[in-house]
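Comments concern the structure below.
The values are calculated or read from the model by the stated rules, or taken from the named source; none is laboratory data. A quick note: this is a predicted structure, and the numbers were derived from the prediction, not measured. So basically every Cβ, Gly included, is an ideal-geometry build from the backbone, and we count neighbours across all protein chains shown. Ligands, DNA and RNA are excluded from the accessible area calculation, which covers all protein heavy atoms including side chains. Shrake-Rupley method; radii C 1.70, N 1.55, O 1.52, S 1.80 Å.
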Amino acid sequence: MGVTEAVTPYEKPDQPQPQPQAPSAPAAPASEPAFSPSDIRDGAAIALVVGVAGVLLGLLWAWLAPRVQYVSNGEAVFLRDTESEARIGADGTFLLLSVGFGVLSAAAVFLWRRGGGAAQVVGLAVGSVFAALVGWQVGLWLGPSSDLVAVARRAGKGVPFDAPLELLAHGALLGWPMAAVLVHLALTALWGKRDPAPEVAVWPSAYYQAPGDHQAPAGAADAPPPGPSGTEPPRP
C-alpha cells in the first residue's frame, strides 16, 4: 500500500503578502463659504446707498468750489487773474468734501452693522469709488459750460465769465474710499463686537499629594531614633 503525504501549496518567497488596510479617515467637514447670502446682500445695499450719495457730493462741489474767470477781447479768451489759485481751490474743495463724506459713510455703516465683516468693507469701498466718480461728473454737469467760445460770445467783449469746473488732480477721487475704509476699520477695532475668549482648561497635576500623606523613604523606619543631641548613639 502506498504512502500518501500531505501536500501543502508551495509559497513563493517573493510573492507580496496582502497588507491590512488602514481604516479610512473620516471625511473633513465642508468648509463654509467666505460670504454668506446675508453678507452679500448687506454689501450690495451699502455699495448702492453710498454710490447714490455721490450726487450730493457733486451738488456741494459745484456750489462751494471757487470760480476761475475768463475775459474775452473779441478775438481770444484770457484768464482774468493770472495769479488766481481758484483751480487748486476747486481740487481742494472736492478732496475735503470727499473725505467728509467718507467719514460719514463709514460711521453710518458701522452704526448699522457693528459686527463688521469683509463683505461690508468691500461694499463700502466699491460704493465709495462709485460715489466719487458720480460726484465728479455731476459737478462738471452742474458747473459752467465747457464751450468757452459760446459763453464768451454771450458775455461780450471785456466782460468776465466763469470758466468750466475742472478736477485737475485726479488723485482726489481716492479721498472718499480711503477715508471710508480707514475710519470703518478704526471704529471696528475700537468699538466693534469681539468674540469671547476661549476658556483655558486646567488639568489637575498627576503629582499632587495631600498634606500629611508623605511616605518615609525605605529603611528609615528601621533606623534607631537619634539621641537627645541629635547624634547617633554610641556603639557597644
Quiz prompt | Flag if Gly51 is open to solvent by less than 30 Å² (accessible area, probe 1.4 Å) and either of a type outside the set (S, T, N, Q) or in contact (Cβ under 8 Å) with a residue 40 or more places away in the chain (or both) | solution = yes
Practice problem: Search segment 91-115 for residues that are within 14 Å of Ile46 (Cα to Cα) and pair each with any residue that is small (Gly, Ala, Ser) and modelled with pLDDT under 95 when their beta-carbon atoms are under 7 Å apart and the residues are at least 6 apart or on different chains. | Solution: Arg114/Gly192
Exercise. Report, by residue number, each residue of segment 55-84 that is touching a residue at least 12 places away in the same chain (Cβ under 8 Å) and small (Gly, Ala, Ser).
Key: Gly58, Ala62, Ala65, Ser72, Gly74, Ser84
Exercise. Evaluate the following for Leu124: is it modelled with pLDDT of 95 or more, open to solvent by 60 Å² or more (accessible area, probe 1.4 Å) and part of a helix (DSSP H, G or I)?
Key: no
Quiz item: Going through segment 134-160 one residue at a time, which ones are assigned to a helix (DSSP H, G or I) and either open to solvent by 80 Å² or more (accessible area, probe 1.4 Å) or of a type in the set (Val, Ile, Thr) (or both)?
Solution: Val134, Gln137, Val138, Trp141, Val149, Val151, Arg153, Arg154
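Let's see how each residue does on (1) of a type outside the set (Lys, Arg); (2) within 18 Å of the chain's Cα centre (by Cα); (3) crowded, with 18+ Cβ neighbours inside 10 Å:
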{"residue": "Asn73", "(1), (2), (3)": "yes, no, no"}
{"residue": "Glu83", "(1), (2), (3)": "yes, no, no"}
{"residue": "Phe101", "(1), (2), (3)": "yes, no, yes"}
{"residue": "Ala106", "(1), (2), (3)": "yes, yes, yes"}
Quiz item: Of all the residues that make up segment 85-99, how many are of a type in the set (Asp, Glu) and open to solvent by 60 Å² or more (accessible area, probe 1.4 Å)?
Solution: 1
Practice problem: Name the residue, out of Ala163, Ala131, Ala152, Ala119, that is out of contact with any Pro (no Cβ under 8 Å at 6 or more places or on another chain) and over 30 Å from Ala108 (Cα atoms). | Solution: Ala152
Exercise. Could you grab the pairs with beta carbons closer than 7 Å, sequence gap of 6+ or different chains, first residue in segment 167-188 and of a type in the set (Ser, Thr, Tyr) and modelled with pLDDT under 95, second one surrounded by 15 or more Cβ atoms within 10 Å (Cβ to Cβ) and in a helix (DSSP H, G or I)?
Key: Thr188/Phe110
